[in-house]
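I have placed the structure first, in the form of structure tokens, so that the comments after it can refer back to it.
The values are calculated or read from the model by the stated rules, or taken from the named source; none is laboratory data. Note that this is a predicted model, so its numbers are computed, not measured. Here the Cβ positions follow ideal geometry from the backbone for every residue, glycine too, while neighbour counts run over all protein chains shown. For accessibility, only protein heavy atoms count, side chains too; no ligands or nucleic acids. Shrake-Rupley method; radii C 1.70, N 1.55, O 1.52, S 1.80 Å.
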Amino acid sequence: MKHKVKDMSLAEKGKLQIAWAESRMPVLMKIREEFKKKKPFKDLTIGVALHVTKETAVLVKTLKAGGATVALAAANPLSTQDDVAAALVEEGINVFAWAGESSEEYYWCMNQVLDFEPNITLDDGADLVNTIHTKHPELIKKVFGGQEETTTGVIRLRAMAKDGALKYPMFAINDTPTKGMFDNIYGTGQSTIDGILRATSIMIAGKTFVVCGYGRCGYGLSNRARGMGANVIVTEVEPVKALQAVMDGFRVMPLKEAVKLGDIFITITGDRDVIRKEHMELMKDGAIIGNTGHFNVEINLQDLESLSEKKREIRRHVEEHTLKNGKKIYLLGKGRIINLVAAEGHPSDVMDMSFADHALCCEYLVKNHEKLKPDVYNVPKEIDDRVAQLKLESMEIEIDNLTEKQKKYLTDWKEGT
Ligand SMILES: NC(=O)c1ccc[n+]([C@@H]2O[C@H](COP(=O)([O-])OP(=O)(O)OC[C@H]3O[C@@H](n4cnc5c(N)ncnc54)[C@H](O)[C@@H]3O)[C@@H](O)[C@H]2O)c1
């Protein structure tokens, strides 16, 4: 076993965190019991680059229970929970992750995972896949396939597939209903508010809260912010999404207008340079800006630096920038994914489904990889349906079943009025 984590004395605390997550993740725990018996990953290695949280711990322990050797690095330099990382080392996982990695250290950790020559790769943001394809193509022949957790990663993979650059099959976990309809909407909505509150401890009620991007995450965040009493403004670039936000009852306007009104600005677009110099210059004194999109490119940090006369860390995860125009702007979490930097990421309850999809897709890949060409695939519907059914069962919720007559009616084109 190999590892590099911050502090092994945190392991006991981390184990309790993982036990708490396990108590909230019944679907994944049920899959773990099956894997323990079936050992689908016997003699196989799974390379993982996910946020090292207590929920990821439940997933990697499940893969290990299925017989895999697991090597784990972080999907973001700031998102690792050091106690969880230490606990996982004691659980027999090869962990290379700590909170506050430099860019070089981040890629060093990723390369340690690749030294294990994985048969399956799990990614959140496609950095592992990218590193294999660009720096270690010799490893590709051993890889059955992989899985991608987030929107930004899937966008990168589809671009690779379009260019003919993707050399092994990848499942777009992000796009499957049991992930995207819950994790992106309710997970990001709640945990982003959690991150803002833990970083700032501000009152949300009565504030003007600007959400940049009204995709699944933006929809979730806007609704949660409204639920906390904020006056929400949405900015968008897609007419349909903008219209949806209007019909959902939000004010929609260009960011250049919103900056004059907003108290809190959160980017959640997967795009770059959403908040730029021209916007920062017009912001109110005391404006708070943060990002909950995957990469730290949504707020142009160079622009903020160039406008700032001085800066200081006024509290953990809050950087006070005093601009040359005398106004102050507060940057959260250095512009990195705030729900993971300042809080703990999504609640375990919702990661239960996202990571159950991962676990079952790993098993699917082992069984079916020879039939799959290099491309980006949707999660098979039977996996998605199974995860939803198991989640409902864990909540003791029953639903109706179609009668034979209904099944026929719903598939028959001949029946009219
Ligand atoms: N914080 C988290 O834990 C978490 C969880 C899931 C996804 N993500 C990340 O969040 C980002 C968004 O994910 P999603 O699933 O909502 O994607 P999405 O594609 O559903 O939505 C993104 C929206 O942003 C809009 N947009 C793009 N450029 C814009 C701009 N300049 N100004 C305003 N709007 C703009 C798009 O039109 C789109 O409607 C991705 O980077 C994704 O990887 C983060």
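Couple of notes before you dig in:
- Within the stretch 55-87, tally of residues that are open to solvent by less than 10 Å² (accessible area, probe 1.4 Å) and not in a loop (DSSP other than H, G, I, E, B): 16
- Note on the stretch 205-273: enclosed helices (runs of 4 or more DSSP H) holding 2 or more residues that are closer than 25 Å to Val318 by Cα and of a type in the set (A, V, I, L, M, F, W, C) are 216-227, 255-258.
- The sole residue among Gly220, Gly189 that is buried (at least 21 other Cβ atoms within 10 Å of the Cβ), under 19 Å from the mean Cα position of the chain (by Cα), near the ligand (Cβ under 9 Å from one of its atoms) and closer than 30 Å to Lys381 by Cα is Gly220.
- Pairs with Cβ under 6 Å, 6+ apart, first in the stretch 351-369 and assigned to a helix (DSSP H, G or I), second basic (Lys, Arg): Met353/Lys391; Ser354/Lys179; Asp357/Lys179
- Of the residues contained in the stretch 151-169, one or more are found to be touching a Phe, Trp or Tyr at 6+ places or on another chain (Cβ under 7 Å) and closer than 15 Å to Ala126 by Cα.
- Subset of the stretch 166-184 (residues that are of a type in the set (A, V, I, L, M, F, W, C) and in contact with a Pro (Cβ under 9 Å, 6 or more places away or on another chain)): Leu166, Met170, Phe171
- Which numbered condition Glu238 fails, given (1) more than 10 Å from the ligand (Cβ to nearest atom); (2) surrounded by fewer than 16 Cβ atoms within 10 Å (Cβ to Cβ): (1)
- Residue list for the stretch 274-297, restricted to those being aliphatic (A, V, I, L, M), within 21 Å of Ile314 (Cα to Cα) and assigned to a loop (DSSP other than H, G, I, E, B): Met283
- Leading residue by the ranking (farthest from the ligand (Cβ to nearest atom)) among those in the stretch 149-159 that are part of a helix (DSSP H, G or I) and open to solvent by less than 30 Å² (accessible area, probe 1.4 Å): Leu157
- Whichever residue in the stretch 113-148 is open to solvent by 10 Å² or more (accessible area, probe 1.4 Å) and part of a loop (DSSP other than H, G, I, E, B) and, among such residues, is nearest to Ile46 (Cα to Cα): Asn119
- Verdict on Ala199 being in a helix (DSSP H, G or I), open to solvent by less than 40 Å² (accessible area, probe 1.4 Å), among the aliphatic types (A, V, I, L, M) and more than 11 Å from the ligand (Cβ to nearest atom): yes
- Cβ pairs under 6 Å, 6+ apart, first in the stretch 1-28 and at pLDDT 95 or above, second part of a helix (DSSP H, G or I) and open to solvent by 90 Å² or more (accessible area, probe 1.4 Å): Ala11/Glu90
- Of the residues making up the stretch 370-392, those that are open to solvent by 70 Å² or more (accessible area, probe 1.4 Å), of a type outside the set (S, T, N, Q) and in a helix (DSSP H, G or I) are Glu370, Lys371, Lys381, Glu382, Asp385, Arg386.
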